[in-house]
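Working notes, structure below.
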Amino acid sequence: MIAEEGHLLLTCDLSQVDMRAMAALSQDPAYMELFQPGRDAHRDMAEVFFGSRSDEHRYRTKRINHKLNYGGGVESTSVMEKIPIEIVQQAYDARQAAYPVLIEYIKSIRNLAATGVLLDNGFGRLMRPNPERAATQAPALVGQGASRDIMCESLLRLARKRPDVRPLLRGVVHDEVILSVPADTVEEWAAELKEAFTWEWRGVPILCEVGKPAFRWSDCK
């Protein structure tokens, strides 16, 4: 993707939105605390899981977190993420002990999904699970459904204040929005994005990172 003549592309990424969604849905106090401004949830959890805040352990923790939040087991996480099973098991056990409310929430929505009942993603959006796939589908539906609506609410916040953003919108890729803005208004739109994508949902801060303006999307990172 490239900007049109006289424009630059500007991106805004929601920070750890899937994990923040699960924190808000579960209302686990210890898990919610990880997402306060200034904290690095993956690094903090690496210390809980492995007693280390190193880059290597942060990277492993990040890969493990998403799989376990969305119903993955120890063996499947080990295979799919190519991480030794004993390391995944260590993280799994530490996670169970550190975030019991989150764990119980995931169990509860699995049980609901197994009955075929519609699941609420926290925004009132009802989603129909497949009871035969409740173990993984239920947490993924509510977590990713909430993440999507957090993105939509952020976009609505921006559009309500700046309706002139609509012709500038070039795409939404999961947790990232892409605008093509006139080059002389980059700072203005960066500030607008930061404000619109920074808010709070169910006691969990919703934060973002605005990328550097560039002619090519690949250069915005």
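The values are calculated or read from the model by the stated rules, or taken from the named source; none is laboratory data. Note that this is a predicted model, so its numbers are computed, not measured. Note: ideal-geometry Cβ built from the backbone for every residue, glycine included; neighbour counts use all protein chains shown. Side chains are part of the model used for accessible areas, which takes the heavy atoms of the whole protein and leaves out ligands, DNA and RNA. Shrake-Rupley method; radii C 1.70, N 1.55, O 1.52, S 1.80 Å.
Using a 10 angstrom Cβ neighbour count of at most 15 plus a DSSP loop assignment to flag exposed GluC sites (Glu not before Pro), which longest range of the chain is free of such sites? Display every interim value, and only then the final one.
On the way: sites that count: E4, E5.
Excluding the exposed sites themselves, the longest stretch runs over 6-221.
Residues C152, C208, sorted by accessible area with the largest first, give C152, C208 [1.4 Å probe; ligands and nucleic acids excluded]. Close lysine pairs were tallied over the chain: pairs 8 or more places apart or on different chains with Cα atoms under 18 Å apart number 7.
For the set Y105, Y99, the ranking by accessible area, highest first and with no ligand, DNA or RNA atoms included, is Y105, Y99 under a 1.4 Å probe. Placing a label point 7 Å from the Cα of E153 along the Cα-to-Cβ direction, the residues of the range 199-221 whose backbone N falls under 12 Å of that point are 199-207. When each of the peptides 135-141, 114-120, 8-14 is scored by how many other beta carbons lie within 10 Å of its residues on average, the order from highest to lowest is 8-14, 135-141, 114-120.
Per-residue surface analysis assigns L156 an accessible area of about 90 Å², computed on protein heavy atoms at 1.4 Å probe radius.
At 222 nm, what helix-only mean residue ellipticity would the chain give, in deg cm²/dmol to the nearest 500, using -39500 (n - 2.57) for each DSSP H run of four or more? It comes out at -16500 deg cm²/dmol, rounded to the nearest 500.
Find how many whole Å separate the alpha carbon centroid of the range 3-63 from the alpha carbon centroid of the range 157-221. Here the answer is 18 Å between Cα centres. Using Kirkwood radius over Cα pairs in Å as the read-out, say which of (i) 17.7; (ii) 18.7; (iii) 21.4 was calculated from these coordinates. Working out Kirkwood radius over Cα pairs in Å from the coordinates points to (ii). For R39, put the label point 7 Å out on the Cα→Cβ axis and report which residues of the range 182-221 keep their amide N under 13 Å from it. Once the point is set 7 Å along Cα→Cβ of R39, 203-206 turn out to lie under 13 Å by backbone N, inside the range 182-221.
When the dipole is taken about the Cα centre of the chain, and only Lys, Arg (+1) and Asp, Glu (-1) are charged at their Cβ, what size is it in debye, to the nearest 20? Don't skip to the answer; put the middle values down first.
Numbers: 28 positive and 31 negative charges, 100 e Å.
In debye, rounded to 20, the chain gives about 480.
Of the residues A138, V172, P100, the one whose Cα sits farthest towards the positive end of the charge dipole of the range 96-221 is A138 (charges of +1 on Lys and Arg Cβ, -1 on Asp and Glu Cβ, taken about the Cα centre). So which DSSP H runs in the chain come out at 30 Å plus along the axis (Cα) with average Kyte-Doolittle of at least 0.0? Helices meeting the span and hydropathy rule in the chain are 134-161.
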